[in-house]
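What follows is a short report on a single structure.
The values are calculated or read from the model by the stated rules, or taken from the named source; none is laboratory data. Keep in mind it's a predicted model, so treat the numbers as computed, not measured. So basically every Cβ, Gly included, is an ideal-geometry build from the backbone, and we count neighbours across all protein chains shown.
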Amino acid sequence: MKPEEALAAARERSAAKADVTIPAGGLVVRRSAQPNDEELLQWAVVEPDLEEVRSTRRLGAPVTRTKQLLLRLLGQYHAQVLSVQNRVNVHLALRSSLARDEVRDLRAEVDALRKRLRETEDALGISRAQADELADARAEQRRAEEAAAPEPGAEGPGGGPIDPTDGRTADAQERANAR
């Protein structure tokens, strides 16, 4: 068989095998439900079965014995690596659980605030569009006030620092207090 024909032959063999192994409707992957905390913790712990080490080559017994010998010699190293990985995995699983709880609490809080907002709008007789316009106007007013306010520590016309509470320099405040 020529190399140019090998690809076509391999595709034909693969298609023939796929007819037997893949269902007629194709493979359907269903998304599983979100894993619960207990499943996450189970999956977080890495427990390889070191007895399962073997070689599938022809006359693989010597290779299998060599692999098992290496695993026995490196046992302490592998135990340390696995313990570190397990700690990281368990920590991440716990953080995920805490984050999920926090998101659930925040969603409940947002729902409660939305309900309260609707009740307030209904009590005031304001439509949603009107409330949005009022909120946008107030936000714009706040931005304009912040832009006009001097920055803390900025230099005033007399060269002294500006007090952010009233916008005057220390010299101007002293003169005002002396009067």
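For the range 26-41, the set of residues classified as of a type in the set (A, V, I, L, M, F, W, C) and within 19 Å of the chain's Cα centre (by Cα) consists of 33, 40, 41, listed by residue number.
When the residues of the range 48-73 are filtered to those that are over 27 Å from residue 86 (Cα atoms), of a type in the set (A, V, I, L, M, F, W, C) and surrounded by 10 or more Cβ atoms within 10 Å (Cβ to Cβ), the one that is farthest from the chain's Cα centre (by Cα) is 61. Here residue 91 fulfils each of the conditions (1) in contact with a Leu (Cβ under 9 Å, 6 or more places away or on another chain); (2) modelled with pLDDT of 90 or more; (3) not aromatic (Phe, Trp, Tyr) apart from (1). Highlighted here are the helices (runs of 4 or more DSSP H) found entirely within the range 1-87 that include at least 3 residues which are closer than 30 Å to residue 100 by Cα and at pLDDT 80 or above: 37-44.
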